[in-house]
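The values are calculated or read from the model by the stated rules, or taken from the named source; none is laboratory data. These numbers were taken from a predicted model, which means no experiment stands behind them. Note that we place each Cβ from the backbone using ideal geometry, even for glycine, and neighbour counts take in every protein chain shown.
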Amino acid sequence: MPLLVAEKMTKRFGGLVAVNEVDFSIEKGEIASIIGPNGAGKTTFFNLITGVYKPDGGTLTFDGRDITGRAPDQIVPIGIARTFQNIRLFQNLTVLENVLVGMHVHLRTGLFGGMLWSPRHKREELAAKQKAVELLDYVGLKHTANDLAKNLAYGAQRRLELARALGCEPKLLLLDEPKAGMNPKETAEIMELIRRLRDERAITVLLIEHDMKMVMQISDRIAVLDYGTKIAQGTPDEVRRNPAVIEAYLGRGAAS
Amino acid sequence: MAANTNAAKWDRKRIGTFLMNNAIYLILLALLVAIVIISPDFVSMTNFRNILSQASTRVIIALGISGVLITQGTDLSAGRMVGLTAVISSSMLQAVEYPYRMYPALAKMPLWVPILIVIAVGAIIGLLNGTAVAVFKVPPFIATLGMMIIVYGLTSIYFDRPPYGAQPIGGLDPDFTNFAQGFFFSGKAALPYLVIYAAIVSLLMWVVWNKTRLGKNMYAVGGNPEAAVVSGVNVVKTLLVIYMIAGALYGFAGSLEAARIGSATNNTGNMYELDAIAAAVVGGVSTSGGIGTVPGVITGVLIFQVINYGLNFIGVNPYVQYIVKGLIIVVAVAIDIRKYLKKK
């Protein structure tokens, strides 16, 4: 059963149709990628899925539920989390606190529980903290838990973003150019991490990525956007051989 | 030899960092020392108690404003809201025998009724501020500037009307004035009630800021609104509630100010927001958002109040005091921004 189904998703900015009636679905446990030239509407499509933008047309179904037009604070708790092309962290919070913010969407204690130091509150706080440490360990940042986020190296900040997204307990994780700005060693590590997320944690992953080598290696399925329209979809091999893709994305030269 | 110079350089750098991080405290400490040298009588139990009482309502206001500052907002309407709520609460709590009552027919009322009413009035106005900022995306400075003027208009309409016109609302019920002016114990150890109220509010806000989801969301929204959104924080709701809590606190502070002073006019509370913002910044609340603690805010208010009271005590010309206060605000923010820039 598909985890996410987008039907005829459309988003206009004034006269520009940024995403034009795109159909897209992703199966549970898949690693899928969206590729396309700059300005093809990839990030806009992500923003539609995560509720940052409201669609001008089309429907979005997640895990059998209609989530069209819902706001991010409603979408995150039901299991969609994302990272950004440009890192968005709480620079002045510690590494651990960054992950905890993502987890608080699942906490149940309200004002009075917090005020009375209720046992449930203490239990939840402790459990959240343990979970956060475990996630940091998972992405290899446990030793930096108490450092301020802004003091981390670039690659580590990206991994922290991943840990924060995992703190939201996603079923579907959207990664916007996860390898942007990374060196080859860091790229290999992040690819390994993405595979482990799927294999060990059963998280379905959808990524936007410019690095074709990485996309071809890691994806089960690829969708190609160009000028807001989906021009192809298939396995890496199918996409690689599709003439329309080669022309739009790789340039005419690559076709020959 | 080279190692020595390096160590010296490093020490100088560390001292420099220390000076930078604590510059505002050092400047204020120097001011305090100057005050004590000029007038050694300044160090007395009475002065200490007066400073604490005066600081109490200001702590409550500053905590409200600090929550808003932490979300990258600001609230210029705080002082005028204190004025409105001071006028409303005192109009309902004039002593029955007082001949110039605003509502001559009004029966004696239990204290908590008007106090709850003005807390609600503050909360509603705060909610309107929050709506302008969070829903209609009006920059907080503009939204609350507008509200400041609107509330002053409302206060003046409520205040300046027949039969007595624009007269200070005085003759307050002794129960009410005692609520703010009274003491626990007596003699040297007397502890003003006001200090207790400020302590309770501080504790409450400490819990909200540190132990609740709302508080964590507040820091998240202020630290990085976009990261907050993707972490599933409801930014609009968080802002609404933070502005509403701020309004409720101004409402409570307004009733306390009226009772502390013993009367209220439409100018009660004028410019309190500036003192509160200044105190918050001195106490380490960052105007860039995301940073600030309850103990910091309390420290900021106390420091500011000591300077205020001290300058008065040694007889500095009130106009000069304005200049000093203004300078403290600008210097405090300049230092705060420099800290921020440096870490980037």
Exercise. Do we find a residue being over 30 Å from residue A:103 (Cβ atoms) and surrounded by fewer than 24 Cβ atoms within 10 Å (Cβ to Cβ) anywhere in the stretch B:253-261?
Worked result: yes
Exercise. For the stretch A:194-215, what are the residues that are at pLDDT 90 or above and out of contact with any strand residue (DSSP E or B) (no Cβ under 8 Å at 6 or more places or on another chain)?
Worked result: A:196, A:199, A:200, A:201, A:202
For this session: Kindly provide the set of residues from the stretch B:310-339 that are aromatic (Phe, Trp, Tyr) and surrounded by fewer than 16 Cβ atoms within 10 Å (Cβ to Cβ), ordered by number.
Result: B:319, B:322
Exercise. Cβ-Cβ below 7 Å, separation at least six or inter-chain, first residue in the stretch A:199-223 and part of a helix (DSSP H, G or I), second of a type in the set (Ser, Thr, Tyr) and surrounded by 15 or more Cβ atoms within 10 Å (Cβ to Cβ): which pairs?
Worked result: A:214/A:187; A:215/A:33
Exercise. When the stretch B:262-286 is examined, which residues are found to be surrounded by 24 or more Cβ atoms within 10 Å (Cβ to Cβ), more than 14 Å from every other protein chain (Cβ to nearest Cβ) and over 26 Å from residue B:175 (Cα atoms)?
Worked result: B:273, B:276, B:277, B:279, B:280, B:281, B:282, B:283
Problem set entry | Condition check for residue B:45: out of contact with any strand residue (DSSP E or B) (no Cβ under 8 Å at 6 or more places or on another chain), buried (at least 24 other Cβ atoms within 10 Å of the Cβ) and at pLDDT 85 or above | no
Exercise. Can you name the residue in the stretch A:34-87 that is within 16 Å of residue A:171 (Cα to Cα) and of a type in the set (D, E, K, R) and is also farthest from the other protein chains (Cβ to nearest Cβ) among such residues?
Worked result: A:66
For this session: Could you list all residues from the stretch B:132-178 that are among the aromatic types (Phe, Trp, Tyr) and closer than 27 Å to residue B:262 by Cβ?
Result: B:152, B:158, B:159, B:164, B:176
Problem set entry | Residue satisfying all of: in the stretch B:231-247; small (Gly, Ala, Ser) and within 13 Å of another protein chain (Cβ to nearest Cβ); surrounded by the fewest Cβ atoms within 10 Å (Cβ to Cβ) among these | B:232
Exercise. Of all residues in the stretch B:277-297 being more than 12 Å from residue B:24 (Cα to Cα) and of a type in the set (Val, Ile, Thr), which is modelled with the lowest pLDDT?
Worked result: B:287
For this session: Taking residue B:228 as the residue in question, decide whether it is surrounded by fewer than 24 Cβ atoms within 10 Å (Cβ to Cβ), of a type outside the set (Lys, Arg), free of Cβ contacts under 8 Å to residues at least 12 places away in the same chain and farther than 28 Å from residue B:160 by Cα.
Result: no
For this session: Looking only at the stretch B:299-320, decide whether some residue is outside any helix (DSSP H, G or I) and under 30 Å from residue B:211 (Cβ atoms).
Result: no
